[in-house]
Amino acid sequence: MMHDDLRTISMLDWLENDLLLTVTHCEPASSDASFRRYFRITTSNKQFIVMDAPPSKENTEPFIRIAKLLTQSQVNVPSIFQQNLIDGFLLLEDFGNQCFLDQLNTATADDLYQSAFDSLFKLQTQTPIQNSGLPGYDEPLLHRELAIFDEWFLGQLLDIQIPAAIWDTVRTLLTASALEQPVTCVHRDYHSRNLMVLDNDSPGVIDFQDAVIGPITYDLVSLLRDCYIAWPEQQVEQWRSNYFERLRQAALINCDPAQFKRWFDLMGLQRHLKAIGIFSRLHLRDGKSNYLGDIPRTLNYVITVCATYPELAEFNNFLHDHVLPALSSAEAPVLIPVLSKAEA
């Protein structure tokens, strides 16, 4: 049993005295890149997950609202059994502790990803865009996300500055590509750590509270060019092509495969630049340095895409001439080696 801080004590008081649960065991289940924490509690006959979202730092309302929306779309998200909005606690269904990342290998990948594609297709085809209450993935949001890379990775972690002309070209290109795509419901963190392996109706989908209405390729590239696991590009192309055909047959897109690939690549570039900035911020501001180890893999995606598109040649040169040398000499040893042949 854990009684190591005031919020844990308050959580247990709510569970035992307000909900009248007999808690026999309580342990951390996970934490994420926000201020939320999750605990697994055991009662006499069942396990639950409790979300701890301090109201001064986190808002549980989007989680509750989007959980209802996705449930109506037949996406398997955790049931919410009880809510304590004043203190910031939610009692949730326990999806267990096996996420895709724990189970993925060459033997399991096709089946696991097929289930992920099926779930994503439900999210994209059965979640209403109109009157959903979801915000739009608009130009200001895209620019704010890209600014995280500039501020926290380049400026704070590496102490280098990108020429304004190069950065303006990147921002303009990525924003235009994102905004010209067909829009759908976007989970916004649809990757191997947020998809849970279940015996029935797998995957269980978590961490959806930041969902928006946005570009149709966003969740697909989050899944296939995952910051936490990399696959051979030929395999990624096959999965992407198959899903493209599924979207085309459902009349969600009206473009050729080359256009879809460009959208996919540039959407991934935007997401990966943001992720690198977030990993840097988690290390520098929040003391969560374990995310630093994911920067090399994520930067590999960035470099590969930049080498593919002539419009990004100057940015690609900047990465090779300034970013990679600065990253190789960074004090954090987890960042070295920057690029491995296996992931390049």
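The values are calculated or read from the model by the stated rules, or taken from the named source; none is laboratory data. It should be emphasised that the depicted structure is a prediction, and the values quoted were computed from it without experimental measurement. Reconstructed Cβ throughout: ideal geometry from the backbone, glycine too, with neighbour counts over all protein chains shown.
Structure notes:
- For the criterion of being touching a Gly at 6+ places or on another chain (Cβ under 9 Å), farther than 28 Å from Val75 by Cβ and surrounded by 13 or more Cβ atoms within 10 Å (Cβ to Cβ), Ala178 fails.
- Screening Ala275 with (1) crowded, with 22+ Cβ neighbours inside 10 Å; (2) under 22 Å from Gln126 (Cβ atoms); (3) of a type in the set (Gly, Ala, Ser) gives one miss only, at (2).
- Set Arg246, Arg240: member being charged (D, E, K, R), assigned to a helix (DSSP H, G or I) and farther than 23 Å from Val170 by Cβ: Arg246
- Residue match in region 274-285 (condition: part of a helix (DSSP H, G or I), at pLDDT 95 or above, small (Gly, Ala, Ser) and out of contact with any helix residue (DSSP H, G or I) (no Cβ under 9 Å at 6 or more places or on another chain)): no
- Single condition Asn254 does not satisfy, out of (1) touching a strand residue (DSSP E or B) at 6+ places or on another chain (Cβ under 9 Å); (2) exposed (fewer than 15 other Cβ atoms within 10 Å of the Cβ): (1)
- Which numbered condition Asn97 fails, given (1) at pLDDT below 95; (2) in a helix (DSSP H, G or I): (2)
- Top-ranked residue in region 243-270 [being under 23 Å from the mean Cα position of the chain (by Cα) and free of Cβ contacts under 8 Å to residues at least 60 places away in the same chain; ranked as nearest to Phe121 (Cα to Cα)]: Phe244
- Residue match in region 62-70 (condition: touching a strand residue (DSSP E or B) at 6+ places or on another chain (Cβ under 8 Å) and either acidic (Asp, Glu) or surrounded by fewer than 16 Cβ atoms within 10 Å (Cβ to Cβ) (or both)): yes
- Filtered by the rule that a residue be in contact (Cβ under 8 Å) with a residue 60 or more places away in the chain and among the basic types (Lys, Arg), region 44-79 gives a lone residue, Arg65.
- Options Trp263, Trp239: the member that is touching a strand residue (DSSP E or B) at 6+ places or on another chain (Cβ under 8 Å) and crowded, with 19+ Cβ neighbours inside 10 Å: Trp263
- Whichever residue in region 185-219 is buried (at least 22 other Cβ atoms within 10 Å of the Cβ) and of a type in the set (Ser, Thr, Tyr) and, among such residues, is farthest from Ala29 (Cα to Cα): Thr217
- Screening Phe48 with (1) of a type in the set (Phe, Trp, Tyr); (2) assigned to a helix (DSSP H, G or I); (3) crowded, with 20+ Cβ neighbours inside 10 Å gives one miss only, at (2).
- Residue within region 292-303 that is at pLDDT below 95, among the hydrophobic types (A, V, I, L, M, F, W, C) and over 23 Å from Ala176 (Cβ atoms) present: yes
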